[in-house]
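The values are calculated or read from the model by the stated rules, or taken from the named source; none is laboratory data. If you're wondering where the values come from, they're calculated on a predicted model, not measured in any experiment. Note that we place each Cβ from the backbone using ideal geometry, even for glycine, and neighbour counts take in every protein chain shown. Calculation scope for accessible area: heavy atoms of the full protein, side chains included, ligands and nucleic acids excluded. Shrake-Rupley method; radii C 1.70, N 1.55, O 1.52, S 1.80 Å.
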Amino acid sequence: MAWDFSTEPEFQKKLDWVEDFCKNEIEPLDLVFPYAVRSREPKIRALVDPLQQQVKEQGLWAVFLDEELGGPGYGQLKLALLNEILGRYGSAPAIFGCQAPDTGNMEMLAAYGTEEQKERWLKPLMNQEIWSAYSMTEPQGGSDPNLFKTTAVRDGEEWVINGEKWFTSAGRAADILFVMCTNGMFVVPRDTPGVDIQPYPSTHNWVKYKDVRVPLDHLLGPEDGAKVLAQRRLGGGRIHHAMRTIAQCKLALDMMCERALSRESHGKIIGEHQMVQEAIAESYVQINMLRLLVLETAWKIDNTSTQQTRTDIAAVKFTMAKVLRDVSFRALHIFGSLGMTNLTPLKDMYANAPSMGIADGVDEVHKVTVARNVLKSYRPHEGVFPTEFIPAKREQARKKYAELFAQDPELEQYADRMQRYMESRH
Ligand SMILES: Cc1cc2nc3c(=O)[nH]c(=O)nc-3n(C[C@H](O)[C@H](O)[C@H](O)COP(=O)(O)OP(=O)(O)OC[C@H]3O[C@@H](n4cnc5c(N)ncnc54)[C@H](O)[C@@H]3O)c2cc1C
C-alpha cells in the first residue's frame, strides 16, 4: 500500500535528534546571539562552528542537494519533515546549511551552472564561505517580469549590466548577487565597481547596477534563459518557505493551547469557552491541510520535477500565507494584551504573515496560475446544459435498463415513480 503517512524509523531517529538539538543548542543561541550564524567574528564562530559540525556528522548538512553535489540526496519530502522543525528557530536553517535565499540560488547553480561555475560558487556557498542574494524585483513592479528593465549588453569579453533592483534580501551581506536581466541570469560579485547597495528598506536592499562589468562566464544558463532560471529558483524557494511556515503555525498552535489551558475567565479556563475551542479546532485543521499539501507537493517534486509541480507549488504558496495569518492571529488574540507585546513570538509572526503572501510572487498571481492550470484539464460542455444536468443523464441511464424494462414493465413503472418523486422535490 503506497499511501503511507508514516516516517521511516531511521529518518524518524534523525528527526528526533534534530528536535532535541534545536531545543537544547539552537534556541539558546537564537535568544542570546540572534545573528551569530552570519558572523565572521572568531569568538562567535566558536559558538556556531561546532554546532554545524554536529549537523554534518549526522549527515544532515545541506539536505536539499543531491549526493553528487555534496548533500545526502534526501529530496524534498525529507527536507519538508526537517524544515517543519527548523522553521521554528531563526538560526536553524543556516546551522543546517539550508538557509534562504542561498538554497534557491544553490539549486539554480546546481541545475544550470557549468562545472567551473559550480566549483567557483556552489561549493563555497554550500560551505558558507560566501553568502548570496537574489536580485530580481525592480522598483517599478515585481509581479510582472515583462516590466523588468535591467539589461546586460555584451562588450568584447564582458557583459555590462545596467538597472535597478528592489528588495534584494540580504544584499548587503552577500558576496555574490544573482541578477536577473532581460537577457539572462548573471552572477555579480558584490564588490564589482558600479554595484551600489542602499542600506534600505531594512535588510531587503535597493541595489543599483551602473555599468557593472562582469566576464562572459558570469552568465548562468543560456542567454535569454532568465525566466526559466527564475522559475526554477523561485519554485524551490516557495516550497521551502512553506515547509518552515508549518513550523511557525505549529508553534502558534502550541502556544494557543498552552494558554487556553492556563488562563481563566468568567468561571472557567478559557479553553472551555466554545469560541476559543473553535479557534483551536480551526487552527489544527488548517495546519494539517497545509501540511498535507506541502508534503504531497514535495513528494511530487521528488518523483517528477519542480517544473511539473508548478500548480501545486503555487497552491502551497498562497495557502501558507493565509494559514499563517489565520493561526497567528487567533493565537495572538487568545493571548490578549500579552499577544500585542514583543514578549512572545506571536506579534512578529502575525506581522510577517503578509510578507509570505508577497515574497516570491503575490498570492493573486499564484491563484491565477492554479486556476489556469486546473482549467486546462477541462472542456466546455456542449449545448446549454452542463454535463451533470440530471434529466439528460437520467435519460441516458435509462437506456442501460431498456432491455430489463422490456422484460419487466413493473420495474419500469417503479423507476417512473421514483423519477416523479425526485422531480417533485424541486
Ligand atoms: C520579505 C520579502 C523578501 C523579498 N525578497 C526578495 C529577494 O530576495 N529578491 C527579489 O528580487 N525580490 C524579493 N522580494 C520582492 C518580491 O518578489 C516582490 O515584492 C513581489 O514579486 C511583488 O512585487 P511588488 O512588491 O512590486 O508588488 P506589485 O507587483 O506592485 O503588486 C502589488 C499588488 O498588486 C496586486 N497585483 C499585482 N499583480 C497582480 C495580478 N496579476 N493580479 C491581481 N493582482 C495583482 C496584488 O494585490 C499585489 O499584492 C521580497 C519581498 C518580500 C516581502
The chain: translational diffusion in µm²/s, Stokes-Einstein, Kirkwood Rh over Cα pairs, 37 °C, 0.692 mPa s: 133
Per residue of region 395-401, in order, report the coupling 6.51 cos²θ - 1.76 cosθ + 1.60 (Karplus, θ = phi - 60°) as ³J(HN,Hα) in whole Hz, putting x for Gly and Pro. 4, 5, 5, 5, 4, 4, 9
Take every Cα pair under 8 Å in region 291-426 that's 6+ residues apart, average their separations, divide by the length, and report that relative contact order as a whole percent. 20
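What accessible area per residue comes out for region 306-426, rounded to a whole number of Å², with a 1.4 Å probe?
Details: 8650 Å² over 121 residues.
In whole numbers, region 306-426 has 71 Å² accessible per residue.
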ASP155: net charge of surrounding residues, Cβ under 12 Å, Lys/Arg +1, Asp/Glu -1, itself excluded? -1
Quick one: give the max-minus-min coordinate of the C-alpha atoms of region 1-135 along each principal axis, largest first, in Å. 45, 40, 27
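Tell me the trypsin sites (Lys or Arg not before Pro) within region 337-390 that lie in a loop according to DSSP and have at most 13 other beta-carbon atoms within 10 Å.
Numbers: sites: LYS347, LYS367, ARG372, LYS376; in loops: LYS376.
Passing both the DSSP loop test and the Cβ count: LYS376.
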Acute angle (nearest 10 degrees) that the helix 102-112 long axis makes with the longest principal axis of the chain, alpha-carbon atoms: 80
Give me the Kirkwood hydrodynamic radius of region 285-366, using the inverse of the mean 1/r over all pairs of distinct Cα atoms, in Å to one decimal. 13.8
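Only helical DSSP H runs with n ≥ 4 go in: add -39500 (n - 2.57) per run for the chain, normalise by residue count and round the 222 nm mean residue ellipticity to 500 deg cm²/dmol. Working shown, then result.
Numbers: 16 runs with 219 residues, N = 426.
Computed ellipticity for the chain at 222 nm equals -16500 deg cm²/dmol.
Roughly how many Å² is the accessible area per residue of region 1-139, as a whole number, for a 1.4 Å probe?
I get 49 Å² per residue for region 1-139.
Filter LYS13/LYS347; LYS23/LYS56; LYS250/LYS347; LYS227/LYS376 down to the pairs with a C-alpha to C-alpha distance above 26 Å, please. Intermediate values should be presented prior to the final figure.
Details: LYS13/LYS347 33 Å; LYS23/LYS56 18 Å; LYS250/LYS347 15 Å; LYS227/LYS376 22 Å.
From the list (LYS13/LYS347; LYS23/LYS56; LYS250/LYS347; LYS227/LYS376), the Cα-Cα distance tops 26 Å for LYS13/LYS347.
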Give me the percent of accessible area attributable to carbon and sulfur for the chain, probe 1.4 angstrom. 55
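Can you tell me the relative contact order of region 150-207? Whole percent, Cα pairs under 8 Å, sequence separation 6 or more. Could the numbers behind the result be given before it?
Details: 91 pairs, mean separation 21.0, N = 58.
Once divided by the residue count of region 150-207, the mean separation gives 36 percent.
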Give the span of region 240-279's Cα atoms along each principal axis, as three whole-Å numbers ordered largest to smallest. 44, 16, 8
Hey, what angle do you get for helix 274-303 against the long axis of the chain, alpha-carbon based, 0 to 90 degrees rounded to 10? 70
For region 144-294, just the Cα atoms, rotate onto the principal axes and tell me the three extents in Å, largest first. 79, 31, 25
Take the alpha carbon atoms of region 292-419, find their radius of gyration, then divide it by 2.2 N^0.38 Å using N residues; give the quotient. 1.85
Quote the Stokes-Einstein diffusion coefficient, in whole µm² s⁻¹, for region 309-355, based on the Kirkwood radius over alpha carbon pairs, a temperature of 20 °C and a viscosity of 1.002 mPa s. 189
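Please calculate how many Å² of accessible area region 174-234 carries per residue, with a 1.4 Å probe and no DNA, RNA or ligand atoms counted.
On the way: 2550 Å² over 61 residues.
Value returned for region 174-234: 42 Å² of accessible area per residue.
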proj_area_mean for region 152-197 (convex hull on C-alpha atoms), units nm², value 3.3
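Do any trypsin sites (Lys or Arg not before Pro) in region 1-110 lie in a loop, going by DSSP, with at most 13 other beta-carbon atoms within 10 Å of their beta carbon, and if so which? Before the final figure, lay out the partial values.
Working: sites: LYS13, LYS14, LYS23, ARG38, ARG40, LYS43, ARG45, LYS56, LYS78, ARG88; in loops: ARG40, ARG88.
Sites meeting the loop and neighbour criteria: ARG40.
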Heavy-atom accessible area with a 1.4 angstrom probe orders THR151, THR304, THR192, most exposed first, as THR304, THR151, THR192
For region 276-426, the dipole about the Cα centre with charges only on Cβ (Lys and Arg +1, Asp and Glu -1), to the nearest 20 debye, works out at 280
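How much FRET efficiency would the formula 1/(1 + (r/R0)^6) give for ASP217 and GLU282, where r is the Cβ-Cβ distance and R0 is 45 Å, rounded to 0.05? If you can, show how the numbers build up before the last one.
Numbers: r = 53 Å, r/R0 = 1.18.
It comes to 0.25.
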Rg (Å, one decimal) plus Dmax (Å, integer) for the alpha carbons of region 229-375? 17.0, 59
Give, in nm to one decimal, the length gained when the segment between ALA173 and LYS56 is fully stretched (0.36 nm per residue of separation minus the Cα-Cα distance). 39.7 nm
Just to be sure I understand: with springs between alpha-carbon atoms less than 10 Å apart, which residue in LYS123, LYS393, LYS317 has the highest mean-square fluctuation in the Gaussian network model of the chain? LYS393
Once all protein chains are kept in place, GLU115 shows an accessible area at probe 1.4 Å, nearest 10 Å², of 130
I need the P(r) histogram for region 354-426: all alpha carbon pairs, bin width 10 Å from 0 out to the longest distance, whole percents. 15, 26, 19, 15, 14, 9, 3
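Can you list which of the chymotrypsin sites (Phe, Trp or Tyr not before Pro) found in region 21-113 are DSSP loop residues with at most 16 other C-beta atoms within 10 Å?
Values: sites: PHE21, TYR35, TRP61, PHE64, TYR74, TYR89, PHE96, TYR112; in loops: TYR35, TRP61, PHE64, TYR74, TYR89, PHE96.
Answer in residue order: TYR35.
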